[in-house]
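Structure first, then comments.
The values are calculated or read from the model by the stated rules, or taken from the named source; none is laboratory data. None of these values were measured; they are calculated from a predicted model. Note: ideal-geometry Cβ built from the backbone for every residue, glycine included; neighbour counts use all protein chains shown. Accessible surface is based on the protein model in full, side chains and every heavy atom, while ligands, DNA and RNA are left aside. Shrake-Rupley method; radii C 1.70, N 1.55, O 1.52, S 1.80 Å.
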Amino acid sequence: MHEQGTISIHTENIFPIIKKALYSERDIFLRELISNAVDAISKLKMVSYAGETTHSADPEIVVTIDKDKKTLAIADTGIGMTADEVKKYINQVAFSSAQEFATKYANSGAGDQQIIGNFGLGFYSSFMVASNVEIDTRSYKEGAEAVHWSCDGSTTFTLDSSDRANVGTTITLTLQEDAEEYLNEFEIKRMIRNYCDFMPVPIKLNDEVINKQTALWDKSPKSVTNEEYLEFYRYLYPYQDDPLFWIHLNTDYPFVIKGILYFPKMKADIDPNRGQIKLFCNHVFVSDNCDDVIPKFLMPLRGAIDSTDIPLNVSRSFLQGDPKVRKIQDFIAKKVGDRLTSLYSDSREEFLKCWQDISIFMKFGSMNSDKFYQQVKEILVYPTTSEDEKVKSESGNYTTLQEYLERNKAEHENQVFYTSDPIAQGTYVELHKNQGIEVLTFDSFIDSHFINFLEREFKDIKFARVDAEIDDRLVDKESKTEIVDPKTNKTKSDHLQDIFRAALNKPKLTIRTEAIKAEDAASAPPAIILLPEFARRMQEMTAVLQQGSVSFPEDHILLVNTSHPLMEKLISLDASQILVDGKSESANLANLICNHVYDLALMAQKSFDADSMKGFLQRSNQLLTTLTSKI
Ligand SMILES: Nc1ncnc2c1ncn2[C@@H]1O[C@H](COP(=O)(O)OP(=O)(O)OP(=O)(O)O)[C@@H](O)[C@H]1O
């Protein structure tokens, strides 16, 4: 048999277009050819199950590199093709999708970068790297003649008889000069591992089986042990910390979707834009990036998703608007939500152990997807100062917002007190705690947005940071009105206001006085800084918009604690007016103390820059010297 023919395609110069468009994705040719080989092996299995043939051979794919001839061959023990099938499937089917691709590319007007090779490229993608492609094949069909097809990338081909004895197909590529890297064994091994690792047929190179073959996601979740899940994770992401927990997806309805999604230990700097989930289509690796298939907020997860239902096309942008993809996204998000809620209800203790690592993800997800938020809102928890038995756990004390509101309904209905930095704001937290006011911690970088989100969700609730205002319960209102100077009718508060205003001389600073309640008066701070919630949030927002750092607001409040013992002394110092060398030494000392008290209050709020620190140290020394000179 000898036949020569013309492949009927209408787009001129089809191969240069394909080569140009897919240049950066050239590796995919091997994935396509090996996928075809796996399909051919499955088809043979199917016809044999159907009783159409008794032929059987060990399923295997052998990749052979011939450096002298500059060829790369992929041989399979699959179904093979008759001459008619070659004409039909190769000359017509394969080339028609090539044409479709080229037309799409030519019309898209998109730059090379926007066209990414996925599926549908098939057999013809071999012309991206080969100057000549040969097919040597023999069908499983009784009496079928083996055939040899050859094409040099032009639109003509030859079809001859072949002396091939075995059922199956060998595709031999004569590599172009610029594709000789595919003669390198390491490179081919890497490509097989990358694209074909989980294909269910052994793929051999130099008698060595290169691929893993079994995909853990295919197994029934009940039959997989924790150690197997961990091992698989370590295989996919070597040298990484073990994951916290995982979700095994295994469904046939409404979509065929399998996979394992792992929750890794998340760092504070997670980048939700960088997905790490591997996407497979029937065990064939497609992409390291499931951007279009996974909802954005699930991006920090890792693992693998395998689905033949994900409509992949040559141009990835096609995917985004696809309604099926949206349904798949919702489905995956729901599964993730289910897993989290069942973890919480099965073992709150285990859930809380992971909380530090998953909280940012869950808050981010809640803000991004209402469906997800509705699913998880009851299990969003926050560290709390409450000592209630119900909130205790080995990982610390945690409460949900609902529980918090319920517990504190009588004390402060609809008001949530929180700290954004339990260490720096420790003084304030302590003050609240001592008066029995429960404080929650919202200290991640996402929390200022998340608090806004919660305030939108719970319309009546107001969040106030512990340093925003002093709650009435923390102060003794009566002591404020006590008159201490019968001559001037001034209260202690009036006096202290005068002293501090004169000493600090800061027009933008508001000075307020309150008697802070404390069991031991000296244990409460002599003064604290208040940053009104609204003004502080505005400032934070402006900083975000201007991409700057949040500077400390100049118009803050200094709240002087009139019940601190230091304040009595300060009033008498100021009043004594002891003159040394014509100067009032006591007034000078009072001035130093006021500035020192102010600085100490500031220090609980912000770190000092070099100049402020220098000033603080100098004054501290001066103050110590003045005080010790009295001894
Ligand atoms: N190794 C092979 N053994 C048997 N038949 C093959 C082999 N390779 C290709 N074919 C036949 O050629 C056809 C065209 O292959 P091609 O790769 O272009 O497209 P496809 O596999 O049908 O789909 P896709 O474009 O998604 O890969 C296949 O459907 C199959 O019938």
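Checking 245, 255 one by one, the residue that is modelled with pLDDT under 85 and farther than 27 Å from residue 25 by Cα is 255 and no other. Screening residue 88 with (1) modelled with pLDDT under 90; (2) open to solvent by less than 10 Å² (accessible area, probe 1.4 Å); (3) within 10 Å of the ligand (Cβ to nearest atom); (4) farther than 24 Å from residue 308 by Cα gives one miss only, at (2). Counting only strands (runs of 3 or more DSSP E) that fall entirely inside the stretch 296-406 and contain at least 1 residues that are within 25 Å of residue 453 (Cβ to Cβ), the qualifying elements are 381-383, 398-400.
Restricting the first member to the stretch 554-571 and to residues that are more than 19 Å from residue 470 (Cα to Cα) and touching a residue at least 60 places away in the same chain (Cβ under 8 Å), and the second to residues that are open to solvent by 30 Å² or more (accessible area, probe 1.4 Å) and of a type in the set (A, V, I, L, M), the beta-carbon pairs closer than 8 Å and six or more apart or on different chains are 571/484.
Determine whether residue 298 is at pLDDT 80 or above, closer than 21 Å to residue 371 by Cα and crowded, with 22+ Cβ neighbours inside 10 Å. Yes: the conditions hold for residue 298.
Name the single residue that is modelled with the highest pLDDT among those in the stretch 8-37 being touching a Phe, Trp or Tyr at 6+ places or on another chain (Cβ under 7 Å) and open to solvent by 20 Å² or more (accessible area, probe 1.4 Å). So, considering only residues that are touching a Phe, Trp or Tyr at 6+ places or on another chain (Cβ under 7 Å) and open to solvent by 20 Å² or more (accessible area, probe 1.4 Å), the one modelled with the highest pLDDT is 36.
Checked against (1) within 11 Å of the ligand (Cβ to nearest atom); (2) at pLDDT below 90; (3) in a helix (DSSP H, G or I), residue 106 passes all but condition (1).
Which of the following residues is under 41 Å from the mean Cα position of the chain (by Cα), at pLDDT below 80, within 12 Å of the ligand (Cβ to nearest atom) and open to solvent by less than 60 Å² (accessible area, probe 1.4 Å): 94, 40?
Step by step, each of 94, 40 is checked, and only 94 is under 41 Å from the mean Cα position of the chain (by Cα), at pLDDT below 80, within 12 Å of the ligand (Cβ to nearest atom) and open to solvent by less than 60 Å² (accessible area, probe 1.4 Å).
Considering the conditions (1) without any contact (Cβ under 8 Å) to a residue 24 or more places away in the chain; (2) more than 42 Å from the chain's Cα centre (by Cα), residue 610 is excluded by exactly one of them, (2).
Within the stretch 593-605, residues that are of a type in the set (S, T, N, Q) have Cβ atoms under 8 Å from residues that are part of a helix (DSSP H, G or I) in these pairs: 595/503; 595/504; 595/619, counting only partners at least 6 apart in sequence or on another chain.
Can you find a residue that is at pLDDT 95 or above and within 13 Å of residue 72 (Cα to Cα) anywhere in the stretch 152-169? No, there is no match, as no residue in the stretch 152-169 is at pLDDT 95 or above and within 13 Å of residue 72 (Cα to Cα). The residues of the stretch 139-156 that are in a strand (DSSP E or B), open to solvent by 40 Å² or more (accessible area, probe 1.4 Å) and within 15 Å of the ligand (Cβ to nearest atom) amount to a single one, 148.
Scanning the stretch 219-250 for residues that are touching a residue at least 24 places away in the same chain (Cβ under 8 Å), under 29 Å from residue 60 (Cα atoms) and loosely packed, with under 13 Cβ neighbours inside 10 Å returns a single hit, 220. Examine the stretch 119-126 for a residue that is within 9 Å of the ligand (Cβ to nearest atom), in contact with a strand residue (DSSP E or B) (Cβ under 7 Å, 6 or more places away or on another chain) and at pLDDT below 85, and state whether such a residue exists. Within the stretch 119-126 (the criterion being within 9 Å of the ligand (Cβ to nearest atom), in contact with a strand residue (DSSP E or B) (Cβ under 7 Å, 6 or more places away or on another chain) and at pLDDT below 85), the answer is yes, since at least one residue qualifies. Across the stretch 69-85, the number of residues qualifying as within 22 Å of residue 30 (Cβ to Cβ) and within 13 Å of the ligand (Cβ to nearest atom) comes to 9. Taking residues in the stretch 25-50 that are without any contact (Cβ under 8 Å) to a residue 40 or more places away in the chain, and partners anywhere that are within 7 Å of the ligand (Cβ to nearest atom) and among the β-branched types (Val, Ile, Thr), the pairs with Cβ atoms closer than 8 Å and at least 6 places apart or on different chains are 43/79. Looking only at residues of the stretch 161-170 that are away from the ligand (no atom under 16 Å from the Cβ) and small (Gly, Ala, Ser), we find that the one that is most open to solvent (accessible area, probe 1.4 Å) is 165.
Determine whether residue 66 is among the acidic types (Asp, Glu), more than 9 Å from the ligand (Cβ to nearest atom), modelled with pLDDT of 90 or more and over 23 Å from residue 175 (Cα atoms). Quick ask: steps written out before the conclusion?
Values: among the acidic types (Asp, Glu): yes; more than 9 Å from the ligand (Cβ to nearest atom): yes; modelled with pLDDT of 90 or more: yes; over 23 Å from residue 175 (Cα atoms): no.
Against the criterion (among the acidic types (Asp, Glu), more than 9 Å from the ligand (Cβ to nearest atom), modelled with pLDDT of 90 or more and over 23 Å from residue 175 (Cα atoms)), residue 66 does not qualify.
Within the stretch 349-362, being open to solvent by 40 Å² or more (accessible area, probe 1.4 Å) and either among the aliphatic types (A, V, I, L, M) or touching a helix residue (DSSP H, G or I) at 6+ places or on another chain (Cβ under 9 Å) (or both) holds for one residue alone: 350. Just one of (1) touching a strand residue (DSSP E or B) at 6+ places or on another chain (Cβ under 6 Å); (2) open to solvent by 10 Å² or more (accessible area, probe 1.4 Å); (3) more than 9 Å from the ligand (Cβ to nearest atom) trips up residue 55, so point out which. All conditions are met except number (1).
A quick yes/no check of all residues on (1) in a helix (DSSP H, G or I); (2) open to solvent by 20 Å² or more (accessible area, probe 1.4 Å):
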position: 137; (1), (2): no, no
position: 158; (1), (2): no, yes
position: 172; (1), (2): no, yes
position: 182; (1), (2): yes, no
position: 189; (1), (2): yes, yes
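Of the strands (runs of 3 or more DSSP E) lying entirely inside the stretch 421-519, the ones with 2 or more residues being open to solvent by 60 Å² or more (accessible area, probe 1.4 Å) and not basic (Lys, Arg) are found at 483-485.
Taken as a whole, the stretch 198-213 holds no residue that is buried (at least 17 other Cβ atoms within 10 Å of the Cβ), in a helix (DSSP H, G or I) and touching a residue at least 12 places away in the same chain (Cβ under 8 Å).
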